[in-house]
Amino acid sequence: MEQSLVILKPDTLQRGLAGQVLSRFENKGLKIVGMKLTRLTRELAEKHYSEHRAKEFFEDVVGYITSGPVILMVLEGPSAITVIRQMLGPTDGRKAPAGTIRGDFGIATRYNLVHASDSPEAALREIALFFRADELLCYDRDVNKWIWQV
Ligand code: CDP
Ligand code: MG
């Protein structure tokens, strides 16, 4: 079973959309195995976005992600990494199709509501960056017996 690191970014919380976004993941059948409300330090944010260090938007995206509270989550399910990226849609809200989170709730490239790991390697790295092993819970969610029967 796959796990992905998901961040509800500061715009999601400031706009009061955390519940609606979380509902989409729950309705899809993804299981919350880790969750915390926090405000990222600059150091953690820079580590998280280290692949973008040389890009012209690096300072701006670090400023954005540290600007207010975020919800960090580890979500689990079959092919969770790909499934969640599809639920987010493309980075730019103007290009994200209706039905995706970024397509339905945003119209910007920077303020695009949610981060999700884009590969198994990224998921491992990002989960370890934000969660200790004992902060991830192993439990049965009854509905997954039906939803995960791929
Ligand atoms: O989040 P995603 O993987 O879709 O996009 P990315 O290319 O890895 O960029 C990371 C984040 O940087 C985006 O989600 C945007 O919030 C931000 N970004 C930006 O501020 N300006 C850009 N031109 C591109 C991305
Ligand atoms: Mg990315």
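The values are calculated or read from the model by the stated rules, or taken from the named source; none is laboratory data. Just so it is clear, the model here is predicted, and its values are computed rather than measured. Note that each Cβ is placed from the backbone with ideal geometry, even for glycine, and that neighbours are counted across all protein chains shown. Keep in mind that these areas ignore ligands, DNA and RNA; they rest on the heavy atoms of the full protein, side chains included. Shrake-Rupley method; radii C 1.70, N 1.55, O 1.52, S 1.80 Å.
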Between helix 18-28 and the chain: long-axis angle, C-alpha atoms, 0 to 90°, nearest 10: 40
D_trans [Stokes-Einstein, Kirkwood Rh over alpha-carbon pairs] for region 1-64, 25 °C, 0.890 mPa s, µm² s⁻¹: 180
Probe 1.4 Å, all protein chains present, accessible-area order of I107, I65, I147, largest first: I107, I147, I65
Residue-count net charge about H115 - beta-carbon cut-off 9 Å; Lys, Arg +1, Asp, Glu -1: 0
Gain on full stretching of the segment that runs from S79 to Q20 - 0.36 nm per residue minus C-alpha separation: 19.0 nm
Inter-site label distance for R132 and K47 at 7 Å from Cα along Cβ, in nm: 1.4
Per-residue SASA entry for K55, accessible area with 1.4 Å probe, Å² rounded to 10: 90
For the chain, fraction of C-alpha pairs farther apart than 19 Å, in %: 52
Count, lysine Cα pairs under 29 Å in region 17-150, 8 or more residues apart or across chains: 12
Per-pair calculated FRET efficiency, R0 = 30 Å: W148 and A108 via Cβ, rounded to 0.05: 0.30
